[in-house]
Amino acid sequence: MTTTLMNRRHLIAAGASAIATGMSGPFVPANAQGLVPTRSMRGGSNNYRPGAPIVDKIGGGGFWMTGTVRRTGDGAPLAGRRIQIWAHTTEGYESDPQSHGATLTDENGVFRLEMPQIVPAFGQPHGHLAYDSGDFETVFLRPVMASVKQTSLEAHFVLKPV
Amino acid sequence: MPPLASRIRPILIWLAVGTAVLVPIVAAAASPLLAWRSAVYIAAGFAGIIAMALMLVQPLLAVGYLPGLTRYAARRTHLWIGTAMVAAVLLHIVGLYVTSPPDVIDALTFDSPTPFSNWGVIAMWALFLVALLVALRNHIGVRPRTWRMIHTALFSVIVPSTVVHAVLIHGTMETLTKVALSAFLIMATLKAIFDLRVWRKRRGRPIAPAIVTPE
């Protein structure tokens, strides 16, 4: 799995992005110390609405938000964890209730939720994800699409027990 | 009757400037992104685009490149367009705030995940500082030459900050027209600075500027 947060518009931000996303997926060194927790990204919690319902899909779908949830240290996948997702899409604003939904991870710690196509808003085509169910420390992510033509986006959580 | 070339030249200059200002705005009006935005969000975006497009005529008016305007008219127009830019930037920020308050608060506090926000906020403060100095000018008694240095220095912050802000944004502006407007802005600003020899302390004004302060 690759998390590509860079595109030609954001080369300047590459360093900062790498740091911001460094805790996720491919950037994490699988060394003896184990996985470090994913830190919340700047702006990740913008337009968050707590308690988004678990849904089969958000709106009409057509776009996939995917990712994994693991725990710190050994990186074991976390099953049944609730991830909330929202974005500015073809069907609504980030702040609109219908733009929000949640899903649970499967036994491999993988989540997949279909949602409407994300469109650029506030300068970048980006999505928002949250883990805030309490057993682990809350994390807000804000992945950016490398291209507006993308029909999927992924984000990875490494959660630290509370 | 003057020769044809000298009659056509002013028309061509005005056409070129009008095109440079209007085409980016018209191109943005054709953006597919508008379909997924509310009126307020669209207005906020266009206020920003209009402010940037208007910026192009400011150095042109300051040096007197635009034909057919008396110095007085150029000066008044410069002031009015500057005022319009401040109003447009205020609308830009208020409209964006209405659309998504947390994103605008992040931007204004330099805590945004998007670097372009910082550049926009820097340009905004430099513009507001210019407006404040213009308003206070008659009360603080700055010498004209000093005034021009300060005014030009701040404009030299506003232009590149605005250009970086706009170029990094994936928004309604069409890429080619956005880059062209940015290039024109930088060229007009550099040419104005060189032609006015702003940095000169005394003497040697190579051409009479349109904006003259009684000394």
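Only the coordinates and a few stated rules stand behind these numbers; no lab work does. None of these values were measured; they are calculated from a predicted model. Quick reminder, even Gly has a Cβ in these numbers, built from the backbone with ideal geometry, and neighbours come from all protein chains shown.
Listed values, structure above:
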read-out	value
Environment charge of A:Val119, counting only residues whose C-beta is closer than 12 Å and scoring Lys/Arg +1, Asp/Glu -1	0
Longest site-free stretch - chain B; sites: chymotrypsin sites (Phe, Trp or Tyr not before Pro), DSSP loop, at most 14 other Cβ within 10 Å	B:1-109
Amide H contacts under 5 Å for A:Gly75, placed H, 5+ residues apart	A:Leu35
Environment charge of B:Arg37, counting only residues whose C-beta is closer than 15 Å and scoring Lys/Arg +1, Asp/Glu -1	-4
Cut-off 20 Å (backbone N to label point 7 Å along Cα→Cβ of A:Thr138), residues of region A:48-62	A:48-54
Cα-based Rg and Dmax for the protein assembly as shown, where Dmax is the largest Cα-Cα distance (Å)	25.2, 88
Value at 222 nm in deg cm²/dmol, rounded to 500, when DSSP H runs of n ≥ 4 in chain B each add -39,500 (n - 2.57)	-25500 deg cm²/dmol
Electrostatic dipole magnitude of chain B [Cβ: Lys, Arg +1; Asp, Glu -1; Cα centre; debye, to 20]	1400 debye
Loop-located GluC sites (Glu not before Pro) in region A:88-162, at most 15 other Cβ atoms within 10 Å (DSSP)	A:Glu107
Placed amide H near A:Ala121: partners under 5 Å, 5+ positions off or other chain	A:His126
Of the trypsin sites (Lys or Arg not before Pro) in region A:67-162, those whose Cβ has at most 10 other Cβ within 10 Å and which sit in DSSP loop	A:Lys149
Cβ-derived FRET efficiency at R0 35 Å, B:Leu176 paired with B:Ala153, nearest 0.05	0.70
Estimated FRET transfer efficiency when R0 is 56 angstrom, pair B:Asn138-A:Val55 (beta carbons, to 0.05)	0.35
Fewest-first ranking of B:Val163, A:Val139, using other Cβ atoms within 10 Å as the exposure measure	B:Val163, A:Val139
Built amide H within the under 5 Å cut-off of B:Glu174, gap 5+	B:Ala28
Separation of alpha-carbon centers, region B:94-148 and region A:133-148, rounded to whole Å	31 Å
Two-site FRET efficiency, A:Gln150 against B:Met187, from Cβ-Cβ distance with R₀ of 30 Å, rounded to 0.05	0.25
